[in-house]
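S.K.: One structure is given below, represented as structure tokens, and several questions about it will come after.
The values are calculated or read from the model by the stated rules, or taken from the named source; none is laboratory data. In this text, all values refer to a predicted model and were calculated from it rather than measured experimentally. In this analysis, Cβ positions are derived from the backbone assuming ideal geometry, glycine residues included, and neighbour counts consider all displayed protein chains.
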Amino acid sequence: MTAAHRAPPPPPISKRMQRDIDDPIPLKKGVLRFLEDPYHKTKNPNGIVNLGVAENTLMADELLDKLPKSLHMEYEDLGYGRPNGSVRLRTALANFINAHFNPATPIKADHIVATNGACAAINTFSYTLCNPGDAMLITAPYYGAFDPDVSHKSGARAITVNLNGRSPFEVDHIEALEQCMSKCQAEGIIVKGMILSNPHNPLARCYSREVLEALLKFASKHNIHVVSDEIYALSLFDHHLNDADAEEPQFTFDADNVDPSSLHSSSFISMLALPNLVELINPELVHIVYGMSKDFCINGLRVGFAISPFNSAVLEGIGGNAEFSWVSSITDSLCSTILEDTKWTNWFLLRNQKKLAASYLRTCKVLDHLNISYLPAQAGHFMWIDLKPYCDKIKDLLMERSGEAPKIPSQTLFNALIEHKVYIAFGEAFHTEEIGRFRLSYSMNKDAQELGLMRMEQVLKCITSGDIELSISPDEEDIYKLSKTLDDVCLVEATVGEMIPQNERPEKKKGPQCIVS
């Protein structure tokens with residue numbers, strides 16, 4: 001035998017990395033299924049249509065026209081540059097925030113650290129604020145990637161707070177947060193902060209000023225940080241839904257005649273915009289995440305921002321580790337040029353909002369036709385829909401055929417949709433405990449959207465008639481384990497609230513009930 005054959009196996013990878021590898025992330029699994037065979041109109045027409053990833057391709061033509069013209073490399077761009085982002089980029093972003101977020105205290109370049117994506121900004125906030133084992137609270141449902149964003153590298157943990165029918169957009173859901181905080185304190189868990197997304201992912205609605213103030217008062221009471229992810233801040237469209245041309249926008253405006261106020265909906269209030277912030281909480285506890293992926297439709301360029309206007313220690317910590325989330329000089333320069341062109345930016349954002357409104361209205365028509373309930377959206381690239389009747393039918397069909405019902409029928413429905421070449425994100429990936437909730441994206445061109453919705457309709461009709469092959473997913477046990485045994489989850493038995501058919505809000509809500517596991 002050779003020396004190589006006699007050599008002992010290499011030492012194992014770190015326990016820390018193995019823990020991250022073993023961590024089930026259903027949202028990631030769903031995306032990977034789609035990416036194995038993505039639809040393309042000409043290159044892969046039988047591929048999987050994406051109605052699940054929050055990726056806006058409505059403005060692709062406009063971007064492909066603008067970006068090549070905006071890439072102007074200078075000698076200085078060939079060097080390392082600043083790991084926390086160039087002064088030029090951070091100044092341009094500060095000016096953008098001041099123009100569109102209505103901050104009570106103007107944002108400066110020194111308040112900002114650029115990162116390679118908003119997920120990196122969340123991760124670096126977690127790493128800066130938390131010791132290993134410390135916790136961040138997040139009310140469910142929430143963006144499924146917050147879990148690894150919080151825990152990976154930092155060793156912190158995301159604690160899910162379910163609301164038992166209370167809406168996260170009503171003040172009374174604070175009671176569930178209080179119950180969870182009490183449980184954490186009783187178990188010796190140190191809570192360092194809470195994360196919210198505003199506009200919300202996956203519910204696609206905005207927090208009112210009243211609720212934002214209540215959340216800040218809760219955080220102040222317990223002296224914990226608040227990280228507000230506002231990456232969909234300018235993907236608002238509810239103020240365009242009643243426009244005369246809402247369903248078929250005409251785009252009669254150009255870059256020279258866009259009124260910036262037309263971009264702003266009263267629905268969205270940034271945490272930075274609260275004039276009484278200092279009366280609600282120590283401002284040093286308030287931090288913002290933003291990025292270029294959603295409002296500017298450039299997910300792949302990976303540019304995010306950690307914003308902390310009032311806490312120099314947090315900024316110093318984030319900036320001191322910025323080399324691990326460094327934005328490339330090419331991307332830094334490109335995004336600087338885009339943000340500095342304020343006329344084009346306003347034109348682009350308004351055009352995007354109107355396209356989102358039209359695409360949303362088209363989706364609502366299909367859902368109404370199919371009698372599928374949904375939560376009316378105000379912003380974002382998606383909507384929260386209810387496919388529970390089809391999940392119930394799946395349970396009945398599998399019981400009749402095999403004598404075994406799936407623990408998570410929405411996973412079986414998800415697999416059936418994937419097999420018929422359409423991807424929709426299932427609710428368990430967002431920590432909902434309501435069976436049958438899905439996040440349906442609509443921010444794609446009309447042809448792909450119509451094809452994806454047609455394929456979804458065909459699957460749902462086949463389920464209703466029973467004319468479809470179904471099987472319990474091999475991934476189901478992992479997802480069931482995730483939903484039932486997440487480490488240190490505060491279980492407040494959950495529903496998001498009655499789904500809203502035909503744009504009618506529910507009137508009755510159940511009170512929260514804390515279930516200590």
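S.K.: What pairs come up if the first residue lies in segment 1-19 and is at pLDDT 85 or above, the second is surrounded by fewer than 10 Cβ atoms within 10 Å (Cβ to Cβ), and their beta carbons are under 9 Å apart, counting only those six or more places apart or on different chains?
M.R.: From residues that are at pLDDT 85 or above, the pairs are 13/21; 18/12.
S.K.: Quick one: which residue in 410, 443, 359 is touching a residue at least 40 places away in the same chain (Cβ under 8 Å), touching a Cys at 6+ places or on another chain (Cβ under 9 Å), outside the structural domain of residue 201 (by TED's automatic domain parsing) and among the hydroxyl-bearing types (Ser, Thr, Tyr)? Give the steps one after another, and end with the answer.
M.R.: On the way: 410 fails: touching a residue at least 40 places away in the same chain (Cβ under 8 Å); 359 fails: touching a Cys at 6+ places or on another chain (Cβ under 9 Å).
Answer to the check: 443.
S.K.: Check 438, 430 and return the single one that is out of contact with any Leu (no Cβ under 7 Å at 6 or more places or on another chain) and at pLDDT 50 or above. Talk me through it step by step, then tell me what you get.
M.R.: Values: 438 fails: out of contact with any Leu (no Cβ under 7 Å at 6 or more places or on another chain).
Only one candidate passes the filter, namely 430.
S.K.: So which of 398, 370 ends up being surrounded by fewer than 20 Cβ atoms within 10 Å (Cβ to Cβ) and more than 30 Å from residue 294 (Cβ to Cβ)?
M.R.: On the way: 370 fails: more than 30 Å from residue 294 (Cβ to Cβ).
Step by step, each of 398, 370 is checked, and only 398 is surrounded by fewer than 20 Cβ atoms within 10 Å (Cβ to Cβ) and more than 30 Å from residue 294 (Cβ to Cβ).
S.K.: Give 67, 35, 63 a once-over and let me know the one that is hydrophobic (A, V, I, L, M, F, W, C), surrounded by fewer than 16 Cβ atoms within 10 Å (Cβ to Cβ) and either modelled with pLDDT of 95 or more or not assigned by TED's automatic domain parsing to the domain that holds residue 443 (or both).
M.R.: Numbers: 35 fails: either modelled with pLDDT of 95 or more or not assigned by TED's automatic domain parsing to the domain that holds residue 443 (or both); 63 fails: surrounded by fewer than 16 Cβ atoms within 10 Å (Cβ to Cβ).
After ruling out the rest, the residue left standing is 67.
S.K.: Still on this structure, I have one more. Mind listing just one residue for me: the one in segment 303-335 that is touching a Ser or Thr at 6+ places or on another chain (Cβ under 7 Å) and not hydrophobic (A, V, I, L, M, F, W, C) and, of those, surrounded by the fewest Cβ atoms within 10 Å (Cβ to Cβ)?
M.R.: Here the residue is 321.
S.K.: Would you say residue 125 is surrounded by fewer than 19 Cβ atoms within 10 Å (Cβ to Cβ) and aromatic (Phe, Trp, Tyr)?
M.R.: no
S.K.: From the residues in segment 232-257 that are more than 19 Å from residue 198 (Cβ to Cβ) and touching a Lys or Arg at 6+ places or on another chain (Cβ under 7 Å), which one is surrounded by the fewest Cβ atoms within 10 Å (Cβ to Cβ)?
M.R.: Narrowing segment 232-257 to residues more than 19 Å from residue 198 (Cβ to Cβ): 240-257.
Next, from what is left, pick out any that are touching a Lys or Arg at 6+ places or on another chain (Cβ under 7 Å): 240, 249, 251, 255-256.
Details: 240: 21, 249: 18, 251: 11, 255: 15, 256: 8.
Step by step, filter segment 232-257, then rank; the result is 256.
S.K.: Name the single residue, out of those in segment 179-203 being of a type in the set (D, E, K, R) and outside any helix (DSSP H, G or I), that is farthest from residue 236 (Cα to Cα). Walk me through it before giving the result.
M.R.: Going residue by residue through segment 179-203, those that are of a type in the set (D, E, K, R) are 183, 187, 192.
Retained after the next criterion (residues that are outside any helix (DSSP H, G or I)): 187, 192.
Values: 187: 41, 192: 31 Å.
Only one residue fits best here, namely 187.
S.K.: Checking the condition modelled with pLDDT under 95 and within 22 Å of the chain's Cα centre (by Cα), which residue from 414, 382 passes? Break it down stepwise before answering.
M.R.: On the way: 382 fails: modelled with pLDDT under 95.
Every option except 414 fails the conditions.
S.K.: Another question about this same structure. From 467, 487, grab the single residue that is in a loop (DSSP other than H, G, I, E, B), surrounded by fewer than 15 Cβ atoms within 10 Å (Cβ to Cβ) and modelled with pLDDT under 60. Full working, then the answer.
M.R.: Numbers: 467 fails: modelled with pLDDT under 60.
Just a single option satisfies the conditions, and that option is 487.
S.K.: If you check every pair at least six apart or on different chains, which have Cβ atoms under 8 Å apart with a residue in segment 172-200 that is free of Cβ contacts under 8 Å to residues at least 60 places away in the same chain first and a residue that is among the small types (Gly, Ala, Ser) and part of a helix (DSSP H, G or I) second?
M.R.: If the second residue must be among the small types (Gly, Ala, Ser) and part of a helix (DSSP H, G or I), the pairs left are 174/214; 194/219.
S.K.: Also, quick follow-up: Out of segment 348-398, which residues are in contact with a strand residue (DSSP E or B) (Cβ under 7 Å, 6 or more places away or on another chain) and either of a type in the set (A, V, I, L, M) or under 20 Å from residue 258 (Cβ atoms) (or both)?
M.R.: 353, 367, 372, 375, 377, 379, 383, 385, 387
S.K.: Looking at (1) part of a loop (DSSP other than H, G, I, E, B); (2) within 16 Å of residue 121 (Cβ to Cβ); (3) of a type outside the set (Phe, Trp, Tyr), find the lone condition where residue 289 falls short.
M.R.: (1)
S.K.: So which of 41, 29 ends up being among the basic types (Lys, Arg), at pLDDT 90 or above, assigned by TED's automatic domain parsing to the domain that holds residue 415 and out of contact with any Leu (no Cβ under 7 Å at 6 or more places or on another chain)? Walk me through it before giving the result.
M.R.: Numbers: 29 fails: at pLDDT 90 or above.
Sole residue among the options that is among the basic types (Lys, Arg), at pLDDT 90 or above, assigned by TED's automatic domain parsing to the domain that holds residue 415 and out of contact with any Leu (no Cβ under 7 Å at 6 or more places or on another chain): 41.
S.K.: Which residue out of 164, 257, 201, 242 is polar (S, T, N, Q), on the phi > 0 side of the Ramachandran plot and in the same structural domain as residue 102 (by TED's automatic domain parsing)? Outline the logic, then answer.
M.R.: Numbers: 257 fails: on the phi > 0 side of the Ramachandran plot; 201 fails: on the phi > 0 side of the Ramachandran plot; 242 fails: on the phi > 0 side of the Ramachandran plot.
Criteria check complete, one pass: 164.
S.K.: Right, something else. Taking the options 331, 337, 345, name whichever one is within 17 Å of residue 235 (Cα to Cα), of a type in the set (Val, Ile, Thr) and in a helix (DSSP H, G or I). It would help to see each step written out before you state the result.
M.R.: Values: 331 fails: within 17 Å of residue 235 (Cα to Cα); 337 fails: within 17 Å of residue 235 (Cα to Cα).
Every option except 345 fails the conditions.
S.K.: Next question. Looking at 140, 121, 158, 94, which is the one that is under 30 Å from residue 261 (Cβ atoms), touching a residue at least 12 places away in the same chain (Cβ under 8 Å) and within 18 Å of the chain's Cα centre (by Cα)?
M.R.: Working: 140 fails: under 30 Å from residue 261 (Cβ atoms); 158 fails: under 30 Å from residue 261 (Cβ atoms); 94 fails: within 18 Å of the chain's Cα centre (by Cα).
None of the other options fit; the residue is 121.
S.K.: For the subset of segment 190-208 comprising residues that are in contact with a helix residue (DSSP H, G or I) (Cβ under 6 Å, 6 or more places away or on another chain) and not hydrophobic (A, V, I, L, M, F, W, C), which member is surrounded by the most Cβ atoms within 10 Å (Cβ to Cβ)?
M.R.: 202
S.K.: Given the criterion within 15 Å of residue 108 (Cβ to Cβ) and at pLDDT 95 or above, identify the matching residue among 310, 296.
M.R.: 310
S.K.: Sticking with this structure for a sec: Residue 176 versus (1) buried (at least 24 other Cβ atoms within 10 Å of the Cβ); (2) out of contact with any helix residue (DSSP H, G or I) (no Cβ under 6 Å at 6 or more places or on another chain); (3) assigned to a loop (DSSP other than H, G, I, E, B): which is the lone unmet condition?
M.R.: Result: residue 176 passes all but (3).
S.K.: Then there is this: Would you point out the residue of segment 128-149, among those that are among the small types (Gly, Ala, Ser) and closer than 22 Å to residue 175 by Cα, that is surrounded by the fewest Cβ atoms within 10 Å (Cβ to Cβ)? Outline the logic, then answer.
M.R.: Within segment 128-149, the first condition is being among the small types (Gly, Ala, Ser), and the residues that meet it are 133, 135, 140, 144-145.
Add one more test, that the residue is closer than 22 Å to residue 175 by Cα, and what stays is 135, 140.
Details: 135: 25, 140: 21.
Of everything passing the filter in segment 128-149, 140 is surrounded by the fewest Cβ atoms within 10 Å (Cβ to Cβ).
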